[in-house]
Amino acid sequence: MPDANDKIAPNLKWMAEFSTFDEAEQKLLIALSHQKYKWRTKDRLAAATGLTAEDLNKTLEELMRRNVVRTSISRNKNIIFGLRERVG
Amino acid sequence: METANQRHTQRQGIWHAACWGVALTALLGGFTLLGHYNESLARHLLEILKLLIDPATLLILAAIYFRKPLAAFVGTIFSDHLPRLMNRLDGISIGGVNFSFSQARELIQGTTEEEFRQLVSALREQGQLPAGGEVDEIADDTAATRDLPAARRATAGVPDDAEEEAEDEAALPEDELKPEEVSAILAQIRAASSPPGN
């Protein structure tokens, strides 16, 4: 079975500031660091992190406020979220 | 992260503050009434009450009431509650996430008016936008995007890689991280970032 670490993009800047984030934010940042997917929907983020919808919303707000995460709109007209350092 | 307990405590705090407000108002009314019978006593009591409701005194009393050091109490208000409150007052909720206007603007930049209409309609259908208000009413917002210089507009909003990079919507379930995998990675990062010997 492949190591879960293989699913994470390497050398991301947020990891250097790891301790400045709380646990929910850290989980969300890991989910947003998926090697293959730069843009994540809320449903998938919730599934990956196990956060409740309320906690997920608040954590996303906080990460957007800190300018670590940005949003966009997917082809399927969903709000999608990505690490600013990856998606620009 | 706000827990149910914290929310309960906040609600309790608001309720207590309301009770104190009513009590102080009643006290003020009582003093006014007392002034008709014993003006001197009422004036003295009123002076004490004015001292109590002085903003600085109130702040100190609130800090004592919430059992927090004054500096921490004031710090929490300015560093946590106030920015969050301002963010909510100055923004829009989409899909349960509160966006400030600047974040919402970033979100819609680069979308054409038609794309924006489709997005709003899709979000409405999903129940992710509050009901009320036709799309036409907010279509004016996209005028800002339409007025962007052509070069700016070409690079505004969704970057090219949003189209090229796979979004996770079509992901196979086995691709997805599982909560236990996220926790395991978290533990590894923690272990790697903690100083040796800890």
*Summarise the long-distance tail of P(r) for the range A:12-87 by giving the % of C-alpha pairs beyond 22 Å.*
12 percent
*Normalised contact order of chain A, rounded percent, pairs of Cα under 8 Å and 6 or more residues apart*: 30 percent
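Rank A:D6, A:D43, A:D55, B:D54 by accessible area, highest first, at a 1.4 Å probe radius?
Working: A:D6 100, A:D43 125, A:D55 35, B:D54 65 Å².
Greatest to least solvent exposure: A:D43, A:D6, B:D54, A:D55.
The values are calculated or read from the model by the stated rules, or taken from the named source; none is laboratory data. Worth saying up front: this structure is predicted, and the values here are computed from it rather than measured. Note: accessible area is taken over every heavy atom of the protein model, side chains too, but ligands, DNA and RNA are not part of it. Shrake-Rupley method; radii C 1.70, N 1.55, O 1.52, S 1.80 Å.
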